[in-house]
Amino acid sequence: MASPVRYTIFPRNPAAHLFEVTVTVSDPDPAGQRFSLPVWIPGSYMIREFAKNVVTLHAECGGNPIACEKIDKATWQCGPAAAAITLTYEVYAWDLSVRAAHLDESHAFFNGTGVFLLPLGFENAPCEVDIQRPAGTRYAGWEIATSLSQTQALVPLSGTNVPGSRTDVDVLPNDSKQFGTFSAANYDELIDHPVEMGTFTHATFEACGVPHHVAITGKHRADMTRLCADLKKICEVQIRLFEPETAAAPMQQYWFLIWAVGDGYGGLEHRASTALICNRDDLPSTHEKKVGAGYRRFLGLASHEYFHTWNVKRIKPAAFVPYDLTQENYTRQLWFFEGFTSYYDDLVLVRSGLIDSLGYLELIAENIGRVMAQSGRTRQSVAESSFDAWVKYYRQDENSPNAIVSYYQKGAMIGLALDLTIRQRTSGAKSLDDVMRALWRSYGREAIGVPERGVEAIAGQITGLDLKDFFARAVYGTADMDIAALLNSVAIDLAWRVPGKAKDDDPVPVTIGVKIAAEPNHDAKVSQVFDGGAAQAAGVSAGDVVIAVDGLRVSAVTLEKRLRSYPVGAHVTLSAFRRDEMMSFDVALQALPAQTCALTMQDTPIEAKARRNAWLLP
Ligand SMILES: [Zn+2]
């Protein structure tokens with residue numbers, strides 16, 4: 001077996017947001033060893049060029065400096081050298097997200113993709129990383145939260161970090177939270193365990209016998225007991241969904257690394273952990289017992305990332321086996337890996353009893369409404385959206401609503417439609433759960449990649465149904481699915497309502513078909529112009545700052561109110577600045593379309609109601 005690649009990572013200057021990282025290769029390529037940093041992080045399909053954060057870098061061999069130069073945007077070449085090479089480099093860490101690294105005097109967070117250079121040719125070598133606490137007594141109370149396996153811990157000595165002073169422990173329990181040496185079987189594993197350091201809140205629970213940890217960084221007042229009890233329900237429903245007989249989880253331990261901030265939302269999945277960023281007010285408070293909208297959003301996010309433990313971390317597109325971290329990895333299947341995960345994240349909340357059926361219908365209705373509101377769905381299929389995620393979904397601009405469809409939102413709708421189709425056409429004998437379990441058995445347990453169109457093939461085999469037309473329309477086409485008829489098959493009625501029109505005799509609200517950005521000085525700045533809208537027909541463009549309607553000043557706050565004093569069909573003169581030039585536009589006001597989706601449950605027919613119960617409360 002190859003000798004291990006050894007790393008150290010040390011938050012050398014938290015105030016300047018600088019980590020110092022070293023990597024040592026004992027038997028480098030004698031012709032010149034190359035090292036490279038990934039250009040993207042799995043789970044977030046965009047080229048991020050993490051090497052841009054490497055500030056300084058130098059190389060040594062036998063204590064002497066050796067030549068090291070960059071040969072492309074993400075690769076360095078050192079040597080030639082006949083003995084061990086050590087690279088020492090600084091990484092700037094000030095990315096307030098779950099995708100890169102962040103360091104200040106309150107905490108440190110990193111993903112291996114942003115900090116650990118890979119010695120090329122050593123992809124399969126075991127890795128060891130010594131994770132160190134920042135120097136100084138103010139950091140004496142810092143601990144570590146990570147799902148990496150710990151092999152050795154530093155002896156805590158008067159709260160200071162003494163490199164080289166170690167206990168002789170083979171493998172520590174993973175919840176020791178002590179600084180020290182961690183190991184990974186290879187580079188792929190090394191970079192799939194994000195690390196949090198600091199003075200986080202920590203709690204544990206067991207789900208189907210597997211220890212689960214919750215670590216929250218940032219000021220918060222979360223009720224940890226309730227949070228653990230609720231997460232446990234979500235985890236157990238998901239483990240049993242994939243392994244109903246054995247209730248065996250695919251990991252030995254799991255960490256929810258949560259970063260509570262004033263305003264933030266996002267998560268990234270890993271094989272035995274997830275990094276989440278959320279509003280601190282979305283976490284459950286000790287005195288509130290209901291699941292409000294904020295906490296529901298948080299639980300949905302946690303449920304989503306946890307579901308990825310199976311769906312995308314183990315059941316993977318073949319295009320990701322292995323990941324090529326030097327360039328885009330193309331697949332047309334993100335509608336399944338992200339969309340079906342989005343379908344199940346909320347479904348698990350109702351199945352675990354955290355929300356009721358009505359609350360679940362609200363979530364589905366919101367999603368259907370979002371999909372149907374964007375005309376981009378008529379131009380791009382979810383297969384195309386998946387393929388182009390790198391340049392379109394992840395790099396959205398003012399025209400995105402008119403040009404693209406979200407493989408998350410429409411993918412979740414396809415998951416719902418497929419589930420209801422299977423239930424209806426097999427008279428309840430099969431469901432999407434059977435398809436997920438079949439994918440898990442065929443591809444997930446051994447992490448063999450799912451070939452393109454592999455999901456469709458398994459769905460047809462396991463249900464015995466001919467689903468070719470379903471997939472042709474839903475996944476590869478741009479025509480709308482008949483979701484109302486499918487919901488009807490489980491005794492749910494779908495209706496479209498005009499937002500802001502409560503009663504039949506209320507006036508029809510008007511619209512000009514734009515989105516106004518929330519600007520700090522209340523300017524009514526147009527951020528998006530929707531296809532087929534009155535503003536687009538009149539020539540209003542994204543970036544225009546609307547200042548008056550028929551000569552009366554408006555702001556972001558008052559524009560809509562001003563327009564609503566006119567009837568449908570009226571013409572108004574809109575005054576706006578573009579590149580500081582004043583322009584005016586003659587806009588014919590349109591009726592606001594019925595774009596709010598409303599779902600209601602019916603008591604009949606009895607079979608449909610029974611099918612609904614089997615779906616939501618199996
Ligand atoms: Zn996801």
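The values are calculated or read from the model by the stated rules, or taken from the named source; none is laboratory data. Here the structure is a predicted model, which is why all the values come from computation and not from measurement. Heads up, the Cβs are rebuilt from the backbone with ideal geometry, glycines too, and the neighbour counts pull from every protein chain shown.
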Residues of the stretch 313-330 satisfying the condition of being surrounded by fewer than 23 Cβ atoms within 10 Å (Cβ to Cβ) and part of a loop (DSSP other than H, G, I, E, B):
Arg314, Lys316, Val321, Pro322, Tyr323, Asp324, Leu325, Thr326, Gln327, Glu328, Asn329, Tyr330
Do we have Asp192 as of a type outside the set (A, V, I, L, M), part of a loop (DSSP other than H, G, I, E, B), modelled with pLDDT of 95 or more and under 24 Å from the mean Cα position of the chain (by Cα) here?
yes
Does the stretch 408-424 contain at least one residue that is assigned to a loop (DSSP other than H, G, I, E, B), away from the ligand (no atom under 16 Å from the Cβ) and crowded, with 21+ Cβ neighbours inside 10 Å?
no
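Quick check, is Ala153 modelled with pLDDT under 95, within 23 Å of Pro14 (Cα to Cα), of a type in the set (Gly, Ala, Ser) and not in a loop (DSSP other than H, G, I, E, B)?
For Ala153, the condition - modelled with pLDDT under 95, within 23 Å of Pro14 (Cα to Cα), of a type in the set (Gly, Ala, Ser) and not in a loop (DSSP other than H, G, I, E, B) - is met.
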Only residues in the stretch 68-80 that are at positive phi count as the first member; pair them with residues that are not in a loop (DSSP other than H, G, I, E, B), Cβ under 9 angstrom, at least 6 apart or cross-chain, and list the lot.
Gly79/Gln33; Gly79/Ala59; Gly79/Cys61; Gly79/Ile66; Gly79/Cys68; Gly79/Ile85
From the list Phe530, Phe470, pick out the single residue that is buried (at least 17 other Cβ atoms within 10 Å of the Cβ), of a type outside the set (Gly, Ala, Ser), in the same structural domain as Gly369 (by TED's automatic domain parsing) and touching a helix residue (DSSP H, G or I) at 6+ places or on another chain (Cβ under 8 Å).
Phe470
For the stretch 39-66, which positions are aromatic (Phe, Trp, Tyr) and within 16 Å of the ligand (Cβ to nearest atom)?
Trp40, Tyr45
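Residues in the stretch 375-392: is at least one within 16 Å of the ligand (Cβ to nearest atom), assigned to a loop (DSSP other than H, G, I, E, B) and within 28 Å of Ile516 (Cβ to Cβ)?
Yes, the conditions are met somewhere in the stretch 375-392.
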Only one of (1) away from the ligand (no atom under 16 Å from the Cβ); (2) aliphatic (A, V, I, L, M); (3) not assigned by TED's automatic domain parsing to the domain that holds Ala412 is not met by Leu301, so which one is it?
(1)
Could you check Leu349 against (1) over 28 Å from His212 (Cβ atoms); (2) out of contact with any strand residue (DSSP E or B) (no Cβ under 8 Å at 6 or more places or on another chain); (3) within 16 Å of the ligand (Cβ to nearest atom) and say which number it fails?
(1)
Tell me, which residue of the stretch 48-92 that is assigned to a loop (DSSP other than H, G, I, E, B) and touching a helix residue (DSSP H, G or I) at 6+ places or on another chain (Cβ under 7 Å) is surrounded by the most Cβ atoms within 10 Å (Cβ to Cβ)?
Ala74
Quick one: is Leu268 closer than 14 Å to Leu349 by Cα, within 16 Å of the ligand (Cβ to nearest atom) and in contact with a strand residue (DSSP E or B) (Cβ under 8 Å, 6 or more places away or on another chain)?
no
If you check Ser273 against the conditions, is it within 16 Å of the ligand (Cβ to nearest atom), hydroxyl-bearing (Ser, Thr, Tyr) and touching a Pro at 6+ places or on another chain (Cβ under 7 Å)?
yes
